[in-house]
Amino acid sequence: MRNFFWLFFLFASTLLFAQQYDLVLAGGRVMDPETGLDATRNVGIRDGKIASVSASQLSGRRVIHAAGLVVAPGFIDLHQHGQNLASERVKAFDGVTTALELEIGAPDVAKFLKAKEGHSLIHYGTTASHLAARALIFGTPLPDGTILPKSGPATDQPATPDQIERIQQRLRDELDAGALGVGMGIEYAPGATRLEVIDMFRVAAERKLPVYTHMRSAGRFDLGAIQSVEEVIGAAAISGAPLHIVHINSTCLHDSLECLSLIEGARARGLDVTTEAYPYIAGMTAINSALFNSGWREKLGIDYGNLVLPDTGEHLTKERFEELHNSNKQQWVLVFANTQEIVDAIIPNPLIMIASDGAEGHPRNAGTYSRVLAQYVREKKTLTLMEALGKMTLMPAQMLERSTPEARRKGRVQEGADADLVMFDPQTIADHSTFEKPMEPSVGVRFLIVGGTALIDDGKMVDGVFPGRAIVGPGKSR
Ligand SMILES: [Zn+2]
């Protein structure tokens, strides 16, 4: 009898061992930017978490052989506008496991979170939108499905003190609904005074949350990129809110390196200022927005012909521009305003996180991350693979830690971290999206694990799984 029990115990523990992990990624090149680990390891996943990173063999209910593949934290995109399935799909093939609308913010946080719950391929979240709050208080709420207001009184007029208070209250309510910070597209509301900007930073600071901002202006105008950086650094210093300046490439253009040195200076003085860029020479935005109020050609240093419609490739003329700018219909337009030299100088800068600013119509939606790995790591060799991964995983995760402690479990391949992982071939990963074919998926991502669930399996999208979960700020108790 005793022997029987002993045998039974041995048998049971062997069974237990055999099923120790739900999923094992065996023998891949595990790269973790925080610890610097870059070695062949086995990763054991259980209940959506990384339970083991080990040199010893692990057994699991499923084992994926990862030899020849890099196993890295899934990429975290702080700046993603396209939040539908088509965009989530191309983000996944680009290695992204989390894509957040932080630059501008969803116009209604509760509605955004509810619509995506159980329907998202990858993790999602949003800031509270200053532009939407302003439009609402001015009596012209944003039409469904849009995030940028049409140029008009709600964008161009200064708000009264009473309106500013009501905008602040709306932002507080949106933070209570789970926003990760305040999103401010200042260039899209040129009527906002310096004081209005500071007052919005103060709302973020009350909750110790960051402001993500598309700054007031580009270029070398009387009020250009340098003054715009000063404005938001000033507001951060005055209010105490952490500041994240989005797409420094497309706002600072020829002054990008100077803008980076301003940020470096602010950080050296103890301010919490961060930034990001995407690896393309063109931007994209709504043509009827206030970004194209009169003076835009001087501001951006470009002409009508540098504006291109994404669907048709049509280069605009003065007449066509005026027709579209004055229209109520929101039309995206590609804005060719930067040079390859500037983009190449920005991307490797240690302050730069990679963020896509993605939406349908621009190749950055589908190709940003693979493009950095192909062009800057493999071809130009201006970044090491570990440095590039840091810009795509650890740095954005650390940025998110200002909003939620949950982010400490993201952007890492470590025991206890969330099992959001990308497995790709470093020799072949590449973007295939172009300005002509912007939704062409990237190649090279063989597996994408989102919260422990395989979303891309052996290079193919798995149908019918929606492992994306909300990432919310402290306002929403979970
Ligand atoms: Zn922007």
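The values are calculated or read from the model by the stated rules, or taken from the named source; none is laboratory data. If you're wondering where the values come from, they're calculated on a predicted model, not measured in any experiment. Neighbour counts run over all protein chains shown; Cβ positions are idealised from the backbone, glycine included. The accessibility values were calculated without ligands, DNA or RNA, using every heavy atom of the protein model including side chains. Shrake-Rupley method; radii C 1.70, N 1.55, O 1.52, S 1.80 Å.
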So what's the gap between the Cα centers of segment 311-341 and segment 143-215, to the nearest angstrom?
26
Just to confirm, what accessible area per residue do you get for the chain at 1.4 Å probe, in whole Å²?
39
How many times 2.2 N^0.38 Å is the alpha carbon radius of gyration of segment 211-298?
1.08
Counting only DSSP beta bridges with both residues in the chain, tell me the antiparallel percent, nearest 5.
55
Given Gly139, Leu209, Ile198, which one lies farthest toward the positive end of the charge dipole of segment 132-274, if we put +1 on the Cβ of every Lys and Arg and -1 on the Cβ of every Asp and Glu?
Leu209
Please state the charge dipole magnitude for the chain, taken about the Cα centre, from unit charges on C-beta atoms (+1 on K and R, -1 on D and E), reported in debye and rounded to the nearest 20.
1420
Quick one: compute the contact order of segment 54-207, relative version, from alpha carbon pairs under 8 angstrom and 6+ residues apart, as a percent.
22
In Å and on Cα atoms, what radius of gyration and Dmax does segment 252-330 show?
16.4, 49
Once you charge only the Cβ atoms, +1 for Lys and Arg and -1 for Asp and Glu, what is the size of the charge dipole of segment 343-383 about its Cα centre, to the nearest 20 debye?
200
Starting from the Cα gyration tensor of segment 157-223, take the square roots of the eigenvalues, sort them a ≥ b ≥ c, and report rounded, prolate or oblate (rounded when a/c is under 1.5, otherwise prolate if a/b is larger than b/c, else oblate).
oblate
Rounded to the nearest 10 Å², what accessible area does Lys299 show when all protein chains are kept and the probe is 1.4 Å?
20
Karplus 3J(HN,Hα) series, Hz, for segment 295-312 with 6.51 cos²θ - 1.76 cosθ + 1.60 (x for Gly, Pro)
x, 5, 5, 5, 4, 8, x, 9, 10, 3, x, 7, 9, 10, 6, x, 6, 10
Rounding to the nearest 20 debye, state how big the charge dipole of segment 278-414 is about its Cα centre with +1 on each Lys and Arg Cβ and -1 on each Asp and Glu Cβ.
700
A 1.4 Å probe over the protein heavy atoms gives the chain a carbon and sulfur accessible-area percentage of 54
For a distance above 16 Å, tell me the whole-number percent of Cα pairs in segment 118-209 that qualify.
52
Can you tell me the relative contact order of segment 177-259? Whole percent, Cα pairs under 8 Å, sequence separation 6 or more.
32
Projecting each Cα onto the charge dipole of segment 334-463 (Lys/Arg +1, Asp/Glu -1 at the beta carbon, about the Cα centre), which of Val443, Gly390, His432 comes out farthest on the positive side?
Gly390
Give the share of C-alpha pairs in each 20 angstrom bin for the chain, from 0 to the last occupied bin, in whole percents, shortest bins first.
25, 55, 16, 3, 0
Ignoring solvent entirely, what values of log10 I(q)/I(0) come out of the Debye formula for segment 312-413 at 0.10, 0.21, 0.22 Å⁻¹ when each Cα is a single scatterer?
-0.43, -1.11, -1.16
Show the residues, 5+ positions off or on another chain, whose built amide H is closer than 5 Å to the amide H of Thr274.
Leu243, His244, Ile245
Find the relative contact order for segment 331-478 and round it to a whole percent, using C-alpha pairs within less than 8 Å whose residues are 6+ positions apart.
21
Give me the accessible area of Ile198, 1.4 Å probe, in Å² rounded to the nearest 10.
30
Please report the antiparallel percentage of DSSP beta bridges with both residues in segment 68-199, rounded to the nearest 5.
10
DSSP beta bridges in segment 252-362: the antiparallel percent, rounded to 5, is 75
I'd like to know which of Pro279, Pro158, Leu180 lies farthest towards the positive end of the charge dipole of the chain, counting +1 on Cβ of Lys and Arg and -1 on Cβ of Asp and Glu.
Leu180
